[in-house]
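The structure appears below as structure tokens.
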Amino acid sequence: MRCHQRTPCFAPESPVMQIIESEVLFRPETAGLRFLPEGPYSNSEGIVSWVAIQHGGDSVVGSINQLDLASGQNRSFSLHGRPGFAFPTTQAGIYIAGVERQVGLWNTLTGTWTPLVSDVDHRVSNTIINDGVLFENNVIFGCKDLEFKTQKAGLYLFRNSDRKLIALRKDQICSNGKAVIRDSTGQLWLYDIDSPTKTIVRYRLDIAAGTLSEAETVVDLTSDHVFPDGMIVTPDHQSLIVALYDPGDPDFGAARQYSLADGTLQAIWTCAGSPRVTCPQLVMHEGRIRLLLTTAVEHMSPEQLLRHPNAGCLFIGDTPFHSLGDQPRYEFS
């Protein structure tokens with residue numbers, strides 16, 4: 001069944017997979033901001049931050065952006081390099097961010113950058129920081145090979161207790177969506193995407209020891225033509241919502257919700273005219289919890305851009321959820 005943009009169609013008691021048509025929420029004003037939007041995150045009331053990873057195919061700079069959901073106004077803060085992630089902190093206007101090969105603090109009020117870690121992926125060349133997740137004041141993030149072909153990018157834990165950078169893996173290609181869940185026994189699980197593998201895997205995570213277990217596959221998309229990209233966990237910690245980057249020419253892009261119990265596909269959100277969906281996030285919009293999806297122009301020819309007029313836009317779609325889920329702020333110690 002298909003649902004209209006303004007009409008929630010979820011029936012919590014129904015086992016039938018839901019399909020929800022998202023609508024364009026925001027069209028970034030410049031081609032640079034539409035190139036590779038990612039990492040949406042709820043900030044103060046009514047404000048969502050997101051990163052423009054790079055302002056064009058040949059650009060080596062990007063920005064942190066703040067979108068006012070009510071007015072549609074967007075403020076853009078240019079950075080000295082390409083950001084992979086940015087999370088708000090408990091200090092107004094300051095973000096903890098991964099930019100190029102550094103993790104640091106970006107002050108949007110003064111335009112200053114304060115590095116916390118400066119040796120990310122120092123053992124290899126031609127990689128930069130990509131996606132991450134904030135959990136109990138620790139940041140887990142990965143890097144990507146800029147040529148998208150060599151298993152050399154790292155997966156890292158920035159442990160806040162001692163401000164130590166710990167390498168968890170050293171063999172990823174394009175490290176993307178992440179989520180951390182503590183189960184009923186207290187065990188931590190890291191859910192992780194290395195996009196070229198087309199799988200979502202999980203590891204037992206030990207933050208104190210700085211270690212991961214062997215990977216277990218949770219969702220296998222190897223028979224599909226799409227690449228899993230950004231990812232969040234649902235507020236009840238029972239499912240994952242995954243953005244799908246489609247390098248082809250479909251009429252719409254999509255994000256999918258998968259059950260953690262058995263990998264069942266539970267819901268699909270579509271983005272008409274924009275096949276490269278990069279990241280999901282839950283936001284409060286028009287008095288209810290909705291799903292915000294970033295999409296990208298990256299790797300599109302002029303002819304493809306004509307066929308996909310909404311590429312690079314931010315979309316919004318309805319959900320059955322009643323809370324924003326896991327979106328903490330980084331606390332200064």
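The values are calculated or read from the model by the stated rules, or taken from the named source; none is laboratory data. Remember, predicted model here, so these are calculated numbers, not experimental data. So basically every Cβ, Gly included, is an ideal-geometry build from the backbone, and we count neighbours across all protein chains shown.
Filter region 43-52 down to residues that are crowded, with 23+ Cβ neighbours inside 10 Å and touching a residue at least 60 places away in the same chain (Cβ under 8 Å) and give me whichever is nearest to the chain's Cα centre (by Cα).
Per the criteria, the residue is Trp50.
Going by what's in this entry, would Ala70 be described as closer than 20 Å to Pro280 by Cα and part of a strand (DSSP E or B)?
Criteria not met by Ala70.
Could you pull out the residue among Asp249, Asp262 that is of a type outside the set (Phe, Trp, Tyr), in a loop (DSSP other than H, G, I, E, B), touching a helix residue (DSSP H, G or I) at 6+ places or on another chain (Cβ under 7 Å) and without any contact (Cβ under 8 Å) to a residue 60 or more places away in the chain?
Within the list Asp249, Asp262, the selection yields Asp249.
Per-residue answers, yes or no, for (1) in contact with an Asp or Glu (Cβ under 7 Å, 6 or more places away or on another chain); (2) of a type in the set (S, T, N, Q):
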site	(1), (2)
Tyr191	no, no
Pro196	no, no
Ile207	no, no
Glu214	no, no
Val219	no, no
Gly230	yes, no
Val233	yes, no
Gln238	no, yes
Ile241	no, no
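In this structure, is Ile96 more than 27 Å from Arg256 (Cα to Cα) and in contact with a Phe, Trp or Tyr (Cβ under 6 Å, 6 or more places away or on another chain)? Before the answer, list the steps.
Working: more than 27 Å from Arg256 (Cα to Cα): yes; in contact with a Phe, Trp or Tyr (Cβ under 6 Å, 6 or more places away or on another chain): yes.
The answer is yes for Ile96.
Of all residues in region 193-222, how many are surrounded by fewer than 15 Cβ atoms within 10 Å (Cβ to Cβ), under 18 Å from Gly177 (Cβ atoms) and of a type in the set (D, E, K, R)?
Summing the residues that are surrounded by fewer than 15 Cβ atoms within 10 Å (Cβ to Cβ), under 18 Å from Gly177 (Cβ atoms) and of a type in the set (D, E, K, R) in region 193-222 gives 2.
Among the residues of region 1-43 satisfying the criterion of being farther than 27 Å from Thr264 by Cβ and charged (D, E, K, R), which is modelled with the lowest pLDDT?
Top of the filtered list is Arg6.
May I ask you to say which residue of Val283, Val297, Val242 is surrounded by 15 or more Cβ atoms within 10 Å (Cβ to Cβ), in contact (Cβ under 8 Å) with a residue 12 or more places away in the chain, in a loop (DSSP other than H, G, I, E, B) and of a type in the set (Val, Ile, Thr)?
Val297
Checking Ser223 against (1) touching a residue at least 12 places away in the same chain (Cβ under 8 Å); (2) within 30 Å of Ala296 (Cα to Cα); (3) not β-branched (Val, Ile, Thr): exactly one of these is not met. Which one?
Result: Ser223 fails condition (1) only.
Looking at region 191-233 only, could you name the residues that are among the β-branched types (Val, Ile, Thr) and either at pLDDT below 95 or part of a helix (DSSP H, G or I) (or both)? Lay out the reasoning, then the answer.
The first filter runs over region 191-233 and keeps only residues among the β-branched types (Val, Ile, Thr), leaving 193, 197, 199-201, 207, 211, 217-219, 222, 226, 232-233.
Result: Thr197, single match.
Which residues, counting only those in region 113-134, are within 14 Å of the chain's Cα centre (by Cα) and among the hydrophobic types (A, V, I, L, M, F, W, C)?
Listed by number, the residues that qualify are Ile129, Val133, Leu134.
Yes or no: region 297-310 includes at least one residue that is of a type in the set (D, E, K, R), in contact with a strand residue (DSSP E or B) (Cβ under 8 Å, 6 or more places away or on another chain) and farther than 27 Å from Leu146 by Cβ.
Checking region 297-310: not a single residue is of a type in the set (D, E, K, R), in contact with a strand residue (DSSP E or B) (Cβ under 8 Å, 6 or more places away or on another chain) and farther than 27 Å from Leu146 by Cβ.
Could you identify the single residue in Gly62, Gly72, Gly81, Gly98 that is surrounded by fewer than 16 Cβ atoms within 10 Å (Cβ to Cβ) and out of contact with any helix residue (DSSP H, G or I) (no Cβ under 7 Å at 6 or more places or on another chain)?
The conditions single out Gly72.
Any residue at all in region 175-188 that's surrounded by 15 or more Cβ atoms within 10 Å (Cβ to Cβ), in contact with a helix residue (DSSP H, G or I) (Cβ under 6 Å, 6 or more places away or on another chain) and not acidic (Asp, Glu)?
yes
Here are some conditions: (1) surrounded by fewer than 20 Cβ atoms within 10 Å (Cβ to Cβ); (2) of a type outside the set (Val, Ile, Thr); (3) within 21 Å of Leu260 (Cα to Cα); (4) touching a residue at least 60 places away in the same chain (Cβ under 8 Å). Glu136 meets all but one. Which one does it not meet?
Condition (3) is where Glu136 drops out.
Could you please give the count of residues in region 54-67 that are without any contact (Cβ under 8 Å) to a residue 60 or more places away in the chain and closer than 18 Å to Gln281 by Cα?
Number of matching residues: 3.
Considering every residue within region 145-166, establish whether at least one is over 23 Å from Phe332 (Cα atoms) and in contact (Cβ under 8 Å) with a residue 60 or more places away in the chain.
No, that holds for no residue.
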